[in-house]
1. For the stretch 27-46, how many residues are closer than 26 Å to ASP3 by Cβ and touching a Leu at 6+ places or on another chain (Cβ under 6 Å)?
2. Can you name every residue in the stretch 1-54 that is in contact with a Lys or Arg (Cβ under 7 Å, 6 or more places away or on another chain) and within 16 Å of ASP66 (Cβ to Cβ)?
3. Go through the stretch 32-41 and count every residue that is of a type in the set (Gly, Ala, Ser) and in a helix (DSSP H, G or I).
Amino acid sequence: MVDLKGKTAIITGASSGIGAALALEFSQKGARLTLAARRLDRLKEVARKCPGEVLPLAADLTQDSD
């Protein structure tokens, strides 16, 4: 099992699917997380399930203004 303590992961598309699964897995292995997706409400749901330090950020990475 990989130990991610002391590491920080930035996960885009983290509000569902593979991104949400990675967020949960990485947080369980000790990583600090920054989660990005368009819907903050869904990101907050994912963040609540993750142990440790998690920063959810609403952003549409297809838009230069975000």
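Every read-out reported here was derived from the displayed coordinates using simple, explicitly stated rules and does not represent laboratory data. Owing to the predicted nature of the structure, the values given are computational and were not obtained by experimental measurement. Cβ sites come from the backbone with ideal geometry, for glycine too, and all protein chains shown count toward neighbours.
1. First pass over the stretch 27-46, keeping only residues closer than 26 Å to ASP3 by Cβ: 27-36, 43, 46.
Subsequent filtering for residues that are touching a Leu at 6+ places or on another chain (Cβ under 6 Å) retains 27, 29-31, 34-36, 43.
Count: 8.
2. Listed by number, the list holds a single entry, SER15.
3. Start the filter on the stretch 32-41 by keeping residues that are of a type in the set (Gly, Ala, Ser), which leaves 36-37.
Adding the requirement that they be in a helix (DSSP H, G or I) leaves none.
Selection size over the stretch 32-41: 0.
Okay, residues lined up against (1) of a type in the set (S, T, N, Q); (2) in a helix (DSSP H, G or I); (3) loosely packed, with under 14 Cβ neighbours inside 10 Å:
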| site | (1), (2), (3) |
| --- | --- |
| VAL2 | no, no, yes |
| ILE11 | no, no, no |
| GLY19 | no, yes, no |
| ALA23 | no, yes, no |
| GLY30 | no, no, no |
| LEU43 | no, yes, no |
| VAL46 | no, yes, no |
| PRO51 | no, no, yes |
| GLN63 | yes, no, yes |
